[in-house]
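Only the coordinates and a few stated rules stand behind these numbers; no lab work does. Note that the structure is predicted; figures quoted are calculated from it, not measured. Counting neighbours? That spans all protein chains shown, and the Cβs are built from the backbone with ideal geometry, glycine included.
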Ligand code: ZN
């Protein structure tokens, strides 16, 4: 038996949503299908707009190398915004495992909503199990799901944490994103090598200092714990 819920990509407020259909008795394996309404994509219109955009900036599209650029640009951005539905399958926590579950260094990429330039890096997503556990690959899929739209790093971090908390009902949920923003490195201050770190902690991972520092230490985010974890090489720029 599956449960399905719709997740509206424009709904930034309540990732649990009102759409969750609960059975009277929860099934042993719960499938929460996370889908977003596919926005209508008009590639031809996007291509025309890209051509106008580049021409307005004085780019000569006459040469062989650039003649197909507006079409490629349109397809590239369409791909970046293509939200793939997936099933967030959860299982009963039969062993009563109550320590931290953490998926570390999940690569992600998205574009900043302010400049439409890429930003990306790694995500660390963890939770303290309650009655149910989730397939580990689904933690990466959650990040990918929310990254497939113009984003801010802060919102992306919060959305992944909120969604995990709402779907899984764990005792705690934590998300850390470490990212480099092209709008900071290629333009503006050109602060090459600058990494932005954001975190969102919920439940026991927020309330309990010991759980919180364990989460940051296992995630390897030494800047937030003050000391590097054992066995993990320091990253470039770390003290
Ligand atoms: Zn930006």
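Quick one: length gained pulling residue 183 to residue 94 fully straight, 0.36 nm per residue minus the C-alpha distance?
27.4 nm is the gain from fully extending residue 183 to residue 94.
Compute the relative contact order of region 91-225 as a whole-number percentage, counting only Cα pairs closer than 8 Å that sit 6 or more residues apart in sequence. Numbers along the way, then the final one.
Values: 257 pairs, mean separation 33.1, N = 135.
Answer for region 91-225 is 25 percent.
Say R0 is 25 Å: what FRET efficiency, to the nearest 0.05, do residue 68 and residue 190 get from their beta-carbon distance?
0.25
For residue 81 and residue 101 in one chain, what is 0.36 nm times their gap in residues minus the Cα-Cα distance, to one decimal in nm? If you can, show how the numbers build up before the last one.
Working: separation 20, 0.36 × 20 = 7.20 nm, distance 2.91 nm.
Extending this stretch completely gives an extra 4.3 nm.
List the relative contact order of region 159-225 as a percent without decimals, with contacts defined as Cα pairs under 8 Å and 6+ residues apart.
30
Give the order of 77, 97, 127 when sorted by the count of other beta carbons within 10 angstrom, beginning with the fewest.
97, 77, 127
So how do 94, 178, 51 line up by other beta-carbon neighbours within 10 Å, fewest first?
Listed from fewest to most nearby Cβ atoms, that is 94, 51, 178.
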